[in-house]
1. Scanning for something out of contact with any strand residue (DSSP E or B) (no Cβ under 9 Å at 6 or more places or on another chain), part of a loop (DSSP other than H, G, I, E, B) and in contact (Cβ under 8 Å) with a residue 12 or more places away in the chain, does the range 79-97 turn up at least one residue?
2. Checking I154 against (1) of a type in the set (V, I, T); (2) surrounded by fewer than 20 Cβ atoms within 10 Å (Cβ to Cβ); (3) under 30 Å from L46 (Cβ atoms), which test does it fail?
3. Of the residues that sit in the range 30-62 and are under 17 Å from the mean Cα position of the chain (by Cα) and exposed (fewer than 11 other Cβ atoms within 10 Å of the Cβ), which one is modelled with the lowest pLDDT?
4. Taking the stated definitions as given, is L109 touching a residue at least 12 places away in the same chain (Cβ under 8 Å), closer than 12 Å to E175 by Cα, surrounded by 17 or more Cβ atoms within 10 Å (Cβ to Cβ) and not β-branched (V, I, T)?
5. If you go through the range 81-94, how many residues are surrounded by 18 or more Cβ atoms within 10 Å (Cβ to Cβ) and either in contact with a Lys or Arg (Cβ under 6 Å, 6 or more places away or on another chain) or more than 19 Å from I50 (Cβ to Cβ) (or both)?
6. Give the number of residues within the range 164-185 that are of a type in the set (D, E) and loosely packed, with under 15 Cβ neighbours inside 10 Å.
7. Inspect all residues belonging to the range 140-162 and state whether any of them is over 26 Å from R93 (Cα atoms), free of Cβ contacts under 8 Å to residues at least 40 places away in the same chain and hydroxyl-bearing (S, T, Y).
Amino acid sequence: MKRTTLRCFIALLLLLPVTGVKAKKKKVVPKTIEQRVDSVLQLMTLDEKIGQTVLFTSRWDVTGPVLRGGEEDAIKEGRCGNIFNAHSVKYTRQLQEYAVKETRLGIPLLFGYDVIHGHKTTFPISLGESASWDLQLIEKGARVAAREATACGIHWTFSPMVDIGRDPRWGRVSEGAGEDTYLGQ
């Protein structure tokens, strides 16, 4: 009896397209990253594409011009694809839910933060680390900072800064390895 039931079920499935009942189409998932990106780009409006290039600074941590509220609306309307200076699991998750659940295409946000010489754990400034010439120690510090930033919901760090400091009047010389090109690479 079980065999007969199974055969009837298979026959019914085969007859569905013939009888006019629509079967669910199998989703075709593009195989390569390029194909997936192209398929999403084809679905996006021009405004959504522009919105993906916008980086707003949240009011969470102030290091420059700040969006004074309204980032939630910008996210929901697809006018923002990236947030700078937002961290903590709770805050980034809240903003991410706006992007994923309340936008037309559900494209996740990218969170960035200046993690120049540590995140939760503070290490010597890059110029000081480079003076040690201890490349393994410098790498370990960067790895710790990257792990801590990732744990806080940060995907994109503005580090290491690889500019070669040739002019001491430049205010951010200390964020790089100095004027030595070997250490700066």
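1. First pass over the range 79-97, keeping only residues out of contact with any strand residue (DSSP E or B) (no Cβ under 9 Å at 6 or more places or on another chain): 88-91, 93-94, 97.
Narrowing the set further to residues that are part of a loop (DSSP other than H, G, I, E, B) leaves 88.
Applying the additional criterion that residues be in contact (Cβ under 8 Å) with a residue 12 or more places away in the chain yields 88.
Within the range 79-97 (the criterion being out of contact with any strand residue (DSSP E or B) (no Cβ under 9 Å at 6 or more places or on another chain), part of a loop (DSSP other than H, G, I, E, B) and in contact (Cβ under 8 Å) with a residue 12 or more places away in the chain), the answer is yes, since at least one residue qualifies.
2. (2)
3. I33
4. On the way: touching a residue at least 12 places away in the same chain (Cβ under 8 Å): yes; closer than 12 Å to E175 by Cα: no; surrounded by 17 or more Cβ atoms within 10 Å (Cβ to Cβ): yes; not β-branched (V, I, T): yes.
When the stated conditions are applied, L109 does not pass them.
5. Number satisfying all stated conditions: 4.
6. Filtering the range 164-185 down to residues of a type in the set (D, E) leaves 167, 175, 179-180.
Adding the requirement that they be loosely packed, with under 15 Cβ neighbours inside 10 Å leaves 167, 180.
Residues that pass the stated criteria total 2.
7. Going through the range 140-162, the residues over 26 Å from R93 (Cα atoms) turn out to be 140-141, 161-162.
Subset that is free of Cβ contacts under 8 Å to residues at least 40 places away in the same chain: 140-141, 162.
Okay, now just the ones that are also hydroxyl-bearing (S, T, Y), so none.
Looking through the range 140-162, none of the residues is over 26 Å from R93 (Cα atoms), free of Cβ contacts under 8 Å to residues at least 40 places away in the same chain and hydroxyl-bearing (S, T, Y).
The values are calculated or read from the model by the stated rules, or taken from the named source; none is laboratory data. Everything numeric in this text was worked out from a predicted model, so none of it was measured. Counting neighbours? That spans all protein chains shown, and the Cβs are built from the backbone with ideal geometry, glycine included.
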